[in-house]
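Here's the structure we're looking at; comments come further down.
The values are calculated or read from the model by the stated rules, or taken from the named source; none is laboratory data. Values in this document were obtained by computation on a predicted structure and should not be read as measured data. Methodologically, a virtual Cβ is constructed for each residue, glycine included, from the backbone with ideal geometry; neighbour enumeration extends over all protein chains shown. Please note that ligands, DNA and RNA were not included when accessible areas were found on the heavy atoms of the full protein model with its side chains. Shrake-Rupley method; radii C 1.70, N 1.55, O 1.52, S 1.80 Å.
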Amino acid sequence: MTLPHPPTPAPSPAAPGGLFVSFEGGDGAGKSTQSRLLGDWLTGLGRTVVLTREPGGTELGRVLRREVLHGGHVDPRTEALLYAADRAHHVASLVRPALAAGSVVVTDRYLDSSVAYQGSGRDLGAQEVEDLSLWATGGLLPALTVLLDLDPAAGLGRLSARADQPDRLESAGDDFHRRTREAFLARAAADPGRWLVLDAARPVDEIAADVRARVGALLEHAAGGAR
Ligand code: TYD
């Protein structure tokens, strides 16, 4: 017997009024710094900003984050489902309500991390992992995804200069990180309307200026559309 199931909604941009922006890239590429700088700039413009991240943007997400990054071994499918569960709850309980209230939501990682890390890094298949995340989120895609592109050796080198122990993904090996980088770049090239690719080896303030230019254009466009 086949069970009836609801159709997966088509990918859609954020609700009107709000703006949804994600930062993606390898570990140590500077996503959290750039998210914060963008948030500060938007707040200065008078926008309400929600800065968040995956995994771990909610209370349940923090439990899942601890398990998926620092818990015992899990197989790749379980890992993909844990990230998808974190994302489903994050979107339903935090991202969609904030967008509906007109906020700018800036997330440090989103669905494209799953496609790159689990789909290509773990070899589960990009399309299947994307479909899983689109189902989990009801099809919510960012209006803009900023890829901070960096040679994985440089990114992991930046991280090892910090005191933290590498997490399970950071320890996954050079080939894994090369595949995730290539997957991010290929996704970005296939959808330039959603993506902005920046060389993360450039100075922080230059990168931030490029991000502001693109987000500023989106805000203007949204304001024009609302007139
Ligand atoms: P992140 O929070 O960027 O790491 P840190 O705070 O240590 O800089 O992400 C944690 C790890 O989770 C990172 O190695 C990438 C991985 N990840 C996935 O594999 N799939 C996903 O869907 C997400 C969101 C993250």
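Annotations for the structure displayed:
- Residue selected from the stretch 40-56 under the condition out of contact with any strand residue (DSSP E or B) (no Cβ under 8 Å at 6 or more places or on another chain) and more than 27 Å from TYR117 (Cα to Cα), by the criterion farthest from the ligand (Cβ to nearest atom): GLY46
- Hits in the stretch 201-213 (condition: in contact (Cβ under 8 Å) with a residue 60 or more places away in the chain and open to solvent by less than 70 Å² (accessible area, probe 1.4 Å)): ILE207, ALA208, VAL211
- Residue in the stretch 129-137 that is modelled with pLDDT of 95 or more, within 15 Å of the chain's Cα centre (by Cα), within 8 Å of the ligand (Cβ to nearest atom) and under 20 Å from GLY25 (Cα atoms) present: yes
- Any hit, the stretch 148-162, residues being away from the ligand (no atom under 13 Å from the Cβ), part of a helix (DSSP H, G or I), among the aliphatic types (A, V, I, L, M) and in contact (Cβ under 8 Å) with a residue 60 or more places away in the chain: yes
- The single condition from (1) within 11 Å of the ligand (Cβ to nearest atom); (2) within 25 Å of HIS177 (Cα to Cα); (3) assigned to a helix (DSSP H, G or I); (4) open to solvent by less than 20 Å² (accessible area, probe 1.4 Å) that HIS90 fails is (2).
- Assessment of the stretch 57-68 against the conditions (of a type in the set (Asp, Glu) and surrounded by fewer than 19 Cβ atoms within 10 Å (Cβ to Cβ)) yields at least one matching residue.
- Within the stretch 94-119, the residues that satisfy the criterion of being within 16 Å of the ligand (Cβ to nearest atom) and assigned to a helix (DSSP H, G or I) are LEU94, VAL95, LEU111, ASP112, SER113, SER114, VAL115, ALA116, TYR117, GLN118, GLY119.
- Output for the stretch 169-200, where each listed residue is of a type in the set (Lys, Arg) and either under 18 Å from ASP108 (Cα atoms) or open to solvent by less than 20 Å² (accessible area, probe 1.4 Å) (or both): ARG181, ARG187, ARG194
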